[in-house]
Each structure stands twice: as structure tokens, then as C-alpha cells.
Amino acid sequence: MRSAIQKRELFRSVLARDGLTVVPGGFSPMDAAMTERAGYDAFFLAGSQAAAFLYGAPDVGVLGLNDMAVHAGRVAGHADIPVLVDGDTGYGNAVNVYFAVQQLVRSGAAAVQIEDQEAPKKSGTDAGRRLVSVDEAVGKYRAAVRARDELDPLFTICARCDAIGAEDGGFEEAVRRCIRYVEDGGADFVWLNSLQTPEQIAEACERIPAPVMTVWGGEGPGPTLDEYERLGLRIVLFPVLASKSGLQAAWDLLHAFREQGTPALDDWSQKVAESPWGPAPLPSLTGTERVRQLEDEFLPSEYRRDYESTFGHTPST
């Protein structure tokens, strides 16, 4: 496993690339491990998904700093790729941001995004968003940079702007804010949320003096990955890709099993068998084999388990 410092160096190398990087997101150590295994270079720990899957709550700032810092430690400690953590609004004003960033640095994460919404926040994809003033947001990012520099300058600060779709917002206001967040706040890169046209992407990437990340907010499926790259985007984020797909699969199978009984499990097993990527390797993702290796290395022989004459079984699903 890479150290936290090595993963932070890797994330900075991702930001320094000329081309596009795709970053999927979710909420769990398994989501992060699968993202790594599938060949991606970074993972996003989404606050919306942590709130939903840990508390069954909407993305309205229910999670606190301790919730996210502890959970970020679980996720970052289980994946060998950098983890970008959703820090919501920084859990208060600039003073709170200072302490939040230091907690997240200690968690082992590689980076944090802090948004410019008022608290209590709204989901970045929902209506009702309202922003703090530009000066207050700049102060938050300055505090974040100070907190980071005191512990590990390699840790990355992302300024997220939710102006598009917010009260009194719009594209021009979003770009203006992002420029301030970089030039006056010291943010390493920006997440300009909900860009709606290819032209907006190209203009934002040209005008903002730092790498730009976005989540598509326009009509339709959005640009292809090649198109995003040609437009100058540095990171395209799919913040709920891992967790939302798993949620839908569980929803479908539970309903099918309720209606059909065990034949639904046979159908599901057949789908898994036909997957070009095979079944998700849960024992490998959790490190089951490592347990036996540690037992063999460190336990006295009389305390080692008998794996030869005992057996287990694989549940049907």
C-alpha cells in the first residue's frame, strides 16, 4: 500500500496532467477498492452518499466533521489510490474550516473539496442552493490552505463553486468566483459544478487559472470523455457512480426475488457468470487471504485454525 504522502503526490501528479482524468465516486471502502481495481487513478468520497448509506439521510449537511473524518480514514486506508473527500461547507465558518482540514489531513485522504454554499447546505444537484459572499468563501479557502500547510503541503484544496443554478447565480458569477478562489484564496483547483454546455466548459477552462473539475449539469448525457478532454477539462467527476449502481442492482434484485422467489437468484447468478469482468471479488477486496497469511506468520501452531478438515460455503447471492 502507498503511504498517505505517496497518494497525495499521486493526486498532485493527476492534477498536473495535460489530459483528462475520470474520477468515480461513492461512499464505502468497497467502492474505493473496486474503483482502484477497475483501473481508475482516484476516488471521490461523496457526502451525499455517505449521508444516504450511513444515515439514510438526504444531502443537507447532516454529516458532521467527525463523521466524515472517521469515515474518510476507513476509505483512504483501504484503497491504494488517492481519495478526494467531500468536506461540504467546511462545517461552519473559516475557523471551522481550519480545524476540518487538519482533521481530514490526519485521516489519510489526499484532498478535500469545500463548497461556497450557505449552511445548512443543499445537494449540489438540488434546487434551493444559496451562496456565502465571495469574500467569506475566499477567507474559508485561505484558512484551508493555512491548515494544510501546517501539516502537509502535499494535501490538495479544491474550491467548489455552486453558483450555476443557485440564487442570484449563473455562469459568469461562477467563473468570477472561481478566479477569486484561486488567485486570492489559494485553492489548488476548482470544482465548477453543473456546467451546462460544451462552450461553458471551454470558456471556464480557459479563464480560470487552475485545473477545472466538473459534474455535467446540462441536458442529455453530456460530452464524451474525448470531448471533455478537447474542451480542456482536467477532471470529470461522476460522484455517485459506484454507490448508485450498487443501489439500483439491490433494488432490482430484491423486487425480482419478492415476485419470483429463488429463480430470481438463478437469473442473477447467470448475469454475474456472463459478466465480461466476472463476479466482484469480495474476498480479494477485503483481504481475506491476508488473514491466513498473518495467522501462519504470527500465531503459535496450536492456535492456528484447521482449514483442511473444516469447510464453509458460498451463499447463492
Worksheet item: Of all the residues that make up region 100-114, how many are without any contact (Cβ under 8 Å) to a residue 60 or more places away in the chain, touching a Gly at 6+ places or on another chain (Cβ under 9 Å) and either farther than 18 Å from M213 by Cα or not β-branched (V, I, T) (or both)?
Response: 5
Worksheet item: How do the pairs read when you match residues in region 213-224 that are under 26 Å from D188 (Cα atoms) with residues anywhere that are among the basic types (K, R) and at pLDDT 95 or above, using Cβ under 7 Å and keeping only pairs 6 or more apart or on different chains?
Response: M213/R234
Fill in: Residue under evaluation P153, criteria (1) crowded, with 18+ Cβ neighbours inside 10 Å; (2) in a loop (DSSP other than H, G, I, E, B), criterion not met
(1)
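Yes or no, residue by residue, for (1) under 18 Å from P211 (Cα atoms); (2) part of a strand (DSSP E or B); (3) polar (S, T, N, Q):
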{"residue": "V145", "(1), (2), (3)": "yes, no, no"}
{"residue": "C158", "(1), (2), (3)": "yes, yes, no"}
{"residue": "G165", "(1), (2), (3)": "no, no, no"}
{"residue": "C178", "(1), (2), (3)": "yes, no, no"}
Practice prompt. Would you check which residues across region 167-176 are part of a helix (DSSP H, G or I) and either surrounded by fewer than 20 Cβ atoms within 10 Å (Cβ to Cβ) or modelled with pLDDT under 95 (or both) and list them?
Written response: F171, E172, E173, R176
Worksheet item: From the list V291, V236, which residue is within 29 Å of D41 (Cβ to Cβ) and modelled with pLDDT of 95 or more?
Response: V236
Worksheet item: Pairs, please: C-beta under 7 Å, at least 6 apart or cross-chain, first residue closer than 13 Å to A109 by Cα and in region 142-156, second charged (D, E, K, R) and part of a loop (DSSP other than H, G, I, E, B)?
Response: T156/D188
Worksheet item: Does P24 satisfy being in contact with a Ser or Thr (Cβ under 7 Å, 6 or more places away or on another chain) and either surrounded by 17 or more Cβ atoms within 10 Å (Cβ to Cβ) or of a type in the set (A, V, I, L, M, F, W, C) (or both)?
Response: yes
Fill in: Selected residue (criterion: surrounded by the fewest Cβ atoms within 10 Å (Cβ to Cβ)) from residues of region 248-281 that are free of Cβ contacts under 8 Å to residues at least 40 places away in the same chain, within 21 Å of P24 (Cβ to Cβ) and aliphatic (A, V, I, L, M)
A250
Response to the item:
Here, helices (runs of 4 or more DSSP H) confined to region 10-128 with at least 3 residues that are in contact with a His (Cβ under 7 Å, 6 or more places away or on another chain) are 29-37
Worksheet, complete the sentence: Contact list, first residue from region 85-98 and modelled with pLDDT of 95 or more, second anywhere and part of a loop (DSSP other than H, G, I, E, B) and open to solvent by less than 30 Å² (accessible area, probe 1.4 Å), beta-carbon distance below 7 Å, six or more apart or interchain, is V85/A109; D86/A46; D88/K121; T89/K121; Y91/G64; N96/G90; V97/G90
Worksheet item: Looking only at residues in region 211-221 that are assigned to a loop (DSSP other than H, G, I, E, B) and not hydrophobic (A, V, I, L, M, F, W, C), which one is most open to solvent (accessible area, probe 1.4 Å)?
Response: E219
Worksheet item: Can you find even one residue in region 190-210 that is in a helix (DSSP H, G or I) and among the polar types (S, T, N, Q)?
Response: yes
Fill in: Any pair with Cβ under 8 angstrom, 6 or more apart, that starts in region 15-40 at a residue that is under 15 Å from H71 (Cβ atoms) and ends at one that is among the aromatic types (F, W, Y) and outside any strand (DSSP E or B)
F27/F53; S28/F53
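The values are calculated or read from the model by the stated rules, or taken from the named source; none is laboratory data. Values in this document were obtained by computation on a predicted structure and should not be read as measured data. Every residue, glycine among them, receives a Cβ derived from its backbone with ideal geometry; neighbour counts consider all protein chains shown. These accessible areas exclude ligands, DNA and RNA; they are computed on the full protein's heavy atoms, side chains included. Shrake-Rupley method; radii C 1.70, N 1.55, O 1.52, S 1.80 Å.
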